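Notes for the one structure printed next.
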Amino acid sequence: MTIEILLNQFYTDLLLVKRDSEQTAITYKISAGEFLNWLVKERIKLKDVSVQNLLYYIIKRKEEGCSELTIAKDISGLRALGEYLERKGMWDSNVALELDKPKAARNLPKVLSVEQIDALLDSIDKTTLSGKRDDALFELVYSCGLRISEVCTLKIANLHLDERLILVHGKGDKERLVPFGDRAYEKIILYLNEVRPELVKGRNVAELFVNYRGEPISRKGVWKRFQELEALSGVEAKVHTLRHSFATHLLQGGADLRSVQELLGHSDLSTTTIYTHVTDKQLEDAHEKYFSMQN
């Protein structure tokens with residue numbers, strides 16, 4: 001049996017028998033292909049593969065400069081391949097289960113300072129209709145920690161101005177109430193009174209934020225506008241960076257982790273704890289910078 005035939009059979013098995021996603025099946029097939037080609041190069045028969053062979057292969061991958069994330073994917077792929085080979089009688093047991101996956105380092109999210117947030121918002125041309133809209137939109141994204149999809153789909157009916165609250169529909173159709181402050185309130189009122197009526201021209205549009213045609217603003221539209229603000233302000237960031245900054249600034253201000261979890265709409269508290277690592281890192285950097293100046 002050729003490597004190509006084996007890989008295609010393995011790929012089909014992942015999709016039809018294991019019910020893995022297409023992306024997972026493709027990833028595992030690539031990892032398996034790399035390994036099988038290495039066996040050919042090293043003149044190791046598939047039926048004779050040992051744990052030592054697998055360890056040598058993983059060491060080789062590390063020496064080639066593969067990241068821990070790539071190594072973890074390779075090991076997952078080898079385990080899946082081993083399970084398939086065992087089931088088909090080509091291996092007596094799945095020796096790949098002996099491999100330990102490395103714990104991939106979790107990248108800390110980028111966070112802007114309050115001054116950088118102000119620089120971004122101050123770069124908006126507030127003399128134009130689109131500028132006044134953007135001012136309200138990005139202020140709300142930051143002050144409520146919204147995802148870009150959440151601000152694009154936010155309905156006027158879910159905006160409670162008197163209570164300074166918005167009802168957000170997040171991931172998994174989960175709802176959460178998020179408060180906003182006076183600054184966001186003033187910008188939203190200005191947008192509702194002076195801008196939105198000019199854009200929708202009397203039409204009934206459920207979404208709060210609309211584009212120049214009076215239609216619900218799209219993610220692409222928000223991304224494009226934010227890129228323009230990046231260029232104008234000189235602050236490098238993404239729209240999602242505003243959400244990261246919201247969470248980090250809350251924790252720095254003394255908010256408890258559970259409250260931040262609720263405001264962000266995280267289903268798992270462990271997802272929110274990443275921001276505690278951000279604040280710790282900022283403290284370490286500040287400490288190092290201060291004491292390096294003393295030397």
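The values are calculated or read from the model by the stated rules, or taken from the named source; none is laboratory data. Remember, predicted model here, so these are calculated numbers, not experimental data. We place every Cβ from the backbone using ideal geometry, glycine too, and count neighbours over all the protein chains shown.
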Query - Residues of the range 204-225 satisfying the condition of being exposed (fewer than 11 other Cβ atoms within 10 Å of the Cβ) and in contact with a Leu (Cβ under 9 Å, 6 or more places away or on another chain) - result: Arg213
Requested in this report: Output yes when any residue across the range 258-273 is part of a helix (DSSP H, G or I), surrounded by fewer than 11 Cβ atoms within 10 Å (Cβ to Cβ) and either under 19 Å from the mean Cα position of the chain (by Cα) or modelled with pLDDT of 95 or more (or both), and no when none is.
Outcome: yes
Query raised in the report: surrounded by 14 or more Cβ atoms within 10 Å (Cβ to Cβ) and basic (Lys, Arg): does that describe Lys155?
Result: yes
Requested in this report: Hey, can you tell me all the residues within the range 124-146 that are more than 29 Å from Ala255 (Cα to Cα) and touching a residue at least 60 places away in the same chain (Cβ under 8 Å)?
Outcome: Ile124, Leu129, Ser130, Lys132, Arg133
Query raised in the report: How many residues, within the range 174-198, are of a type in the set (Phe, Trp, Tyr) and touching a residue at least 40 places away in the same chain (Cβ under 8 Å)?
Result: 2
Report summary line: Matching residues in the range 172-204 (assigned to a helix (DSSP H, G or I) and among the aromatic types (Phe, Trp, Tyr)) number 2
Report summary line: Given the conditions (1) assigned to a loop (DSSP other than H, G, I, E, B); (2) surrounded by fewer than 19 Cβ atoms within 10 Å (Cβ to Cβ); (3) not basic (Lys, Arg), every one holds for Glu228 apart from (1)
**Report entry** Verdict on Lys171 being in contact (Cβ under 8 Å) with a residue 12 or more places away in the chain, surrounded by fewer than 18 Cβ atoms within 10 Å (Cβ to Cβ) and either more than 13 Å from Phe138 (Cα to Cα) or not assigned by TED's automatic domain parsing to the domain that holds Val260 (or both)
**Finding:** yes
Requested in this report: Kindly indicate the residue of the range 184-203 that is among the basic types (Lys, Arg) and surrounded by 15 or more Cβ atoms within 10 Å (Cβ to Cβ) and also farthest from the chain's Cα centre (by Cα) among those meeting that condition.
Outcome: Arg196
Query - Residues of the range 212-249 satisfying the condition of being more than 29 Å from His266 (Cα to Cα) and touching a residue at least 24 places away in the same chain (Cβ under 8 Å) - result: Tyr212, Leu232, Ser233, Gly234
Query - Residue that is surrounded by the most Cβ atoms within 10 Å (Cβ to Cβ), among those in the range 120-152 that are over 23 Å from the mean Cα position of the chain (by Cα) and β-branched (Val, Ile, Thr) - result: Ile124
